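Step one of this worksheet: look at the structure below.
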Amino acid sequence: MKPLEALLKNNSKMSDVYLKSSKDIYQYLGISFSEFNFDRGAQTLTFPFFADEKFQAHPGIVHGGITATLCDTGMGVLGMIIASEKSNVVYTADMTVHYKAPMKVNNTYKIKARVVSELGDKLNLAISISDAEKVIAEAEALFIQKPFVV
């Protein structure tokens with residue numbers, strides 16, 4: 001496992017800008033970069049997420065917007081790792097979330113993002129959020145790669 005800074009290796013300025021601009025959302029979600037596991041060969045990114053009570057909408061259930069944010073965030077980080085190899089960044093162009101079961105508070109979930117395809121500046125990614133027994137949500141998204149410019 002490498003820290004996200006190391007994965008965004010080709011452009012340290014891009015790494016600094018991305019990490020500084022994104023740190024608040026990661027801190028709010030309770031996501032630690034040290035828990036990311038990137039498998040370069042499989043082009044996957046996995047990390048755990050603990051569903052704190054602060055994300056509750058209905059009693060005991062995580063708000064669907066948090067689920068969607070986790071999907072976009074997980075795929076976005078994977079996209080940034082892939083794009084950084086060409087000194088690019090990624091932007092979400094389109095995302096569809098499929099809610100399979102309620103995400104319950106006070107549980108830990110496994111989030112796994114993967115590359116579906118890459119063609120030109122288009123990066124198609126997918127993600128799943130699972131508990132110990134079942135898939136809670138799945139999403140797919142189109143990300144657009146653009147050169148990094150400050």
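The values are calculated or read from the model by the stated rules, or taken from the named source; none is laboratory data. What you are looking at is a predicted structure, and each value in this text was computed from that prediction instead of being measured. When we count neighbours, we look across all protein chains shown, and the Cβ atoms used for this are built from the backbone with ideal geometry, even at glycine.
Looking only at residues in the stretch 10-65 that are over 24 Å from Pro102 (Cα atoms) and part of a strand (DSSP E or B), the one that is modelled with the highest pLDDT is Thr44. When only residues in the stretch 121-149 that are outside any strand (DSSP E or B) and closer than 18 Å to Leu70 by Cα count, which is modelled with the lowest pLDDT? This residue is Ala132. Residues that are within 18 Å of Glu138 (Cβ to Cβ) and without any contact (Cβ under 8 Å) to a residue 12 or more places away in the chain within the stretch 44-87 comprise His63, Gly65, listed in sequence order. Does Val77 count as touching a strand residue (DSSP E or B) at 6+ places or on another chain (Cβ under 7 Å) and either buried (at least 16 other Cβ atoms within 10 Å of the Cβ) or not aromatic (Phe, Trp, Tyr) (or both)? It is true that Val77 is touching a strand residue (DSSP E or B) at 6+ places or on another chain (Cβ under 7 Å) and either buried (at least 16 other Cβ atoms within 10 Å of the Cβ) or not aromatic (Phe, Trp, Tyr) (or both). Residue pairs whose Cβ atoms lie under 8 Å apart, separated by 6 or more positions or on different chains, with the first residue in the stretch 24-43 and among the aliphatic types (A, V, I, L, M) and the second assigned to a loop (DSSP other than H, G, I, E, B), do not occur.
Of the residues making up the stretch 98-111, just one is surrounded by 18 or more Cβ atoms within 10 Å (Cβ to Cβ), under 14 Å from the mean Cα position of the chain (by Cα) and not aromatic (Phe, Trp, Tyr), namely Ile111.
Annotation note: Cβ proximity below 7 Å between a residue of the stretch 131-150 that is under 21 Å from Lys100 (Cα atoms) and a residue that is aromatic (Phe, Trp, Tyr) and assigned to a strand (DSSP E or B) (sequence gap 6+ or interchain) occurs for Asp131/Tyr109; Ile136/Tyr109; Ala137/Tyr99. The condition (being of a type outside the set (Phe, Trp, Tyr), touching a helix residue (DSSP H, G or I) at 6+ places or on another chain (Cβ under 8 Å), assigned to a helix (DSSP H, G or I) and within 21 Å of Pro147 (Cα to Cα)) is satisfied by just one residue among Val115, Val89, Val77: Val77. Do we find that Ser117 is free of Cβ contacts under 8 Å to residues at least 24 places away in the same chain and under 18 Å from Phe143 (Cα atoms) in this structure? When the stated conditions are applied, Ser117 passes them.
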